[in-house]
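Chemist: What follows is a single structure, and I will ask about it in a moment.
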Amino acid sequence: MFKWFPMVVIAITTFTNHVVYAVDLDLPVGVELQTGALDYVVCINAATLNVRDQALAKVLFTVAKHSAAKPVQSFGTDRLKKTIDGVEYTFIKSEFPAVTGAVKVGWVAENYIVTRSSCPGANLPIVVAPPSPAWTFPTLKRPSVSYKDGMRRFKANRSNGRLHAACDLYRVTGEDALAVTAGTVIRDKYYFYEGTYAIEVKHAGGKVARYGEITGKTAPSIALNKSVRAGQTLGYVGKVNSGCCTPMLHFELYSGTASGSLSQSGNSFQRRKDLIDPTLLLSGWEKLKFGTSY
Amino acid sequence: MKKLIATGATILLFVFIIQYLRAPVPSSQVAGEIDLGSPSVTSAKETATPPVREPAASVPEPSRPLASNAGKTPNVPKPADSSLEAMGHTLGQIGQPAFSLKGLLEDLQRTGQQPLVVRDDNPDSGEMLIVRTKSPLPGTRYFHAQYFTDESGDRFVQHMSFEFKPGADSMSEAIASVERNFAGLSRPVVQRADYVKWKLDNHYIVWVKKMAAADLQEDPFNSYSLSDDGTIRVAVELEIHGE
């Protein structure tokens, strides 16, 4: 009886694919595990979900199934309980960015807000970009200074023996950061460095690029698993908190022959072993786009 | 002879009892006694006014350090900043070799924060684990940790942060908390009224930022309103640039 118990647990958690308990991650018992990006949606069987006021008495507005949601935390208790039709629900506060009205925040039953990947039918299908011969420089205008010199260049010295794993393309805050060629977004924005973000794209031909130090602003039609075309805006050039440097696009490129996280420990770049020097490629794209290169 | 042995045994027993009484309480025992978190769920029927946004001053008295810190923290935090101190301690463990994902989660569970792990992986750039909490300590919120996996299969922190309530002294309290919780911290490499950054010895940086309205816009994970201007964020990250 007991020897079958772990298999039953695995079967149940695999079947539900939502709020599973750790099987292969060695998480402490009771820690909730969800899959996919940290991208919450409304997940219900009905077409819409009621969003209530703080007293949970009045419906403020409704949101459509699979609408984006952002749970709100406000330095205090953000969870309430209410019994409806004999069933006790825990309510959480959430923002619904796509709502057109002035009020975008309200209270909903916690069970109905889950990650997109955990919600049947809500996941965006993976779109593989068609091969494209087109490659382009990833900023709208030429960098204000050369990315082949100084601290901006690939392999420039950093502290503690580390080497710079990217070319830093100095531009202005908020300017578009562009896809160097067609590809698919494999990791949507995440916290990267001092208040900036990064996005990862698998490009046609297998190369993987990390576009770092961009702002948190989402570019049109950019999301996990979405395909992009050469020159499409992926995000916007950002600036780190310290103001150490001119706003930039931090551009890293990988051949795609290795697997695992792009950031690593244990080598001088602190990066995956298929990291490549993008300088010559950038130089070629720069010349093609602007007629000249550094 | 027998009397001598009996006397010796008595002395040894006495010494043992004294040593036992003086020994620090094992963390596993302390853990069960401490509840730093406020009740994570409030009954709607019980509350005359909405319970949202409790001031940190009304935080239940935690008065003792986190279990993993028990027995070694000389300065017991004051109630008003105990949540900040607990979270500062969590981030401050980044330099300790034994600081694992599991240890982090256990710490967050022990303090009643209800951690949640989101596993984001793909065949081309591997796995990123995100840790969030559902029931942050009063006065703090939006704990967020990103873990990557190195080639030997070990997970490591790439980013870990939390936010602290806005207030006249919040920035200085957060800075003081970092200074207390990061062992061997050198002088800041950047020091402005709204931003302080230190370099750690292990490829990490730690920073404290008083967030202006512009900093709070377009965050892909967190929701903000106008009243959040002045929120303090404390973060530890892998370093990218030097100064």
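The values are calculated or read from the model by the stated rules, or taken from the named source; none is laboratory data. Note that this is a predicted model, so its numbers are computed, not measured. FYI the Cβ positions are ideal-geometry reconstructions off the backbone, even for glycines, and counts take in every protein chain you see. We work out accessible area using only protein heavy atoms, side chains counted, and drop any ligands, DNA or RNA first. Shrake-Rupley method; radii C 1.70, N 1.55, O 1.52, S 1.80 Å.
Chemist: Over 18 Å between Cα atoms: which of A:70/A:104; A:239/A:289; A:93/B:134; A:217/A:239; A:148/A:202; A:217/A:289 fall into that group? If you can, show how the numbers build up before the last one.
Modeler: Values: A:70/A:104 10 Å; A:239/A:289 25 Å; A:93/B:134 11 Å; A:217/A:239 13 Å; A:148/A:202 24 Å; A:217/A:289 26 Å.
Checking Cα-Cα distances, A:239/A:289; A:148/A:202; A:217/A:289 exceed 18 Å.
Chemist: Extending each Cα 7 Å along its Cβ direction at residue A:288 and residue A:103, get the distance between those two points in nm, one decimal.
Modeler: 5.3
Chemist: Over all residues in A:262-269, what is the mean tally of Cβ atoms on other chains that come within 10 Å of each residue's Cβ? If you can, show how the numbers build up before the last one.
Modeler: Values: counts 6, 11, 7, 9, 5, 2, 0, 0.
Averaged over the peptide's residues, the number is 5.
Chemist: How well do other chains shield peptide A:166-174, expressed as the mean number of their Cβ atoms within 10 Å of each residue Cβ?
Modeler: Values: counts 1, 0, 2, 0, 0, 0, 0, 0, 0.
Mean number of neighbouring Cβ atoms from other chains: 0.
Chemist: When a/c is below 1.5 the answer is rounded, else prolate if a/b is larger than b/c, else oblate, so apply that to region A:102-143 with a ≥ b ≥ c taken from the square roots of the Cα gyration tensor eigenvalues.
Modeler: The shape class here is oblate.
Chemist: What relative contact order, as a whole-number percentage, does chain A give when Cα pairs under 8 Å and 6 or more residues apart are counted?
Modeler: Relative contact order, chain A: 14 percent.
Chemist: Under 13 Å from the Cβ of residue B:185, count the other residues' Cβ atoms, weight Lys and Arg +1, Asp and Glu -1, and hand me the total.
Modeler: +2
Chemist: Taking the Cβ-Cβ separation of residue B:194 and residue A:124 as r and a Förster radius of 35 Å, what is the calculated FRET efficiency to the nearest 0.05? Don't skip to the answer; put the middle values down first.
Modeler: Values: r = 38 Å, r/R0 = 1.08.
For residue B:194 and residue A:124, the calculated efficiency is 0.40.
Chemist: Out of residues 5 or more away from residue B:139 or on other chains, whose amide H comes under 5 Å of its own, with H placed 1.01 Å from N in the peptide plane?
Modeler: When sequence neighbours closer than 5 places are left aside, the close amide H contacts are A:76.
Chemist: With a/c under 1.5 counting as rounded, go ahead and sort chain A into rounded, prolate or oblate using the C-alpha gyration tensor (a ≥ b ≥ c being the square roots of the eigenvalues; past the cut-off, prolate if a/b is larger than b/c, else oblate).
Modeler: Values: a/c = 2.21, a/b = 1.73, b/c = 1.27.
Taking the square roots of the gyration eigenvalues as a ≥ b ≥ c, chain A is prolate.
Chemist: By the scheme Lys and Arg +1, Asp and Glu -1, what is the net charge of all other residues having a beta-carbon under 9 Å from that of residue A:294?
Modeler: 0
Chemist: If I fit a long axis through the Cα atoms of helix A:5-16 and take the longest principal axis of the Cα atoms of chain A, what angle between them do I get, 0 to 90°, rounded to 10?
Modeler: Computed tilt is about 80 degrees.
Chemist: Now, a different point. Could you compute how much accessible area chains B and A hide from each other, both sides summed, with a 1.4 Å probe? Nearest 100 Å² is fine.
Modeler: Details: alone 14870 and 16290 Å², together 24150 Å².
It comes to approximately 7000 Å² buried between B and A.
Chemist: Here's something else I'd like to know. Explain nothing, just the number: relative contact order of region A:150-290, from Cα pairs under 8 Å at least 6 residues apart, as a whole percent. Intermediate results must be reported in sequence, preceding the final value.
Modeler: Values: 322 pairs, mean separation 38.6, N = 141.
Contact order relative to length: 27 percent.
Chemist: Okay, moving on. Nearest 10 degrees, 0 to 90: what angle lies between the long axis of helix A:279-290 and the longest principal axis of chain A (Cα atoms)?
Modeler: 90
Chemist: Within region A:69-94, name every residue whose backbone N is under 12 Å away from a label modeled 7 Å from Cα of residue A:59 along the Cβ vector.
Modeler: Zone members listed by number: none at all.
Chemist: Starting from the Cα of residue A:146, step 7 Å along the direction of its Cβ; do the same at residue B:183; then give the gap between the two resulting points in nm.
Modeler: Computed distance between label sites residue A:146 and residue B:183 equals 4.6 nm.
Chemist: May I pose another question? Just to be sure I understand the model, the point goes 7 Å from the Cα along the line to the Cβ. What's the resulting residue A:111 to residue B:212 distance in nm?
Modeler: Between residue A:111 and residue B:212, the label points sit 4.6 nm apart.
Chemist: Among rounded, prolate and oblate, which fits region A:150-290 when a ≥ b ≥ c are the square roots of the eigenvalues of its C-alpha gyration tensor, a/c under 1.5 means rounded, and a/b larger than b/c means prolate? Working shown, then result.
Modeler: Values: a/c = 1.32, a/b = 1.13, b/c = 1.17.
Rounded, because the longest to shortest axis ratio a/c is under 1.5.
Chemist: Across peptide A:64-71, how many C-beta atoms of other chains are within 10 Å of each residue C-beta, on average? Could the numbers behind the result be given before it?
Modeler: Working: counts 0, 0, 0, 0, 0, 1, 6, 6.
Per-residue shielding by partner chains comes out at 2.
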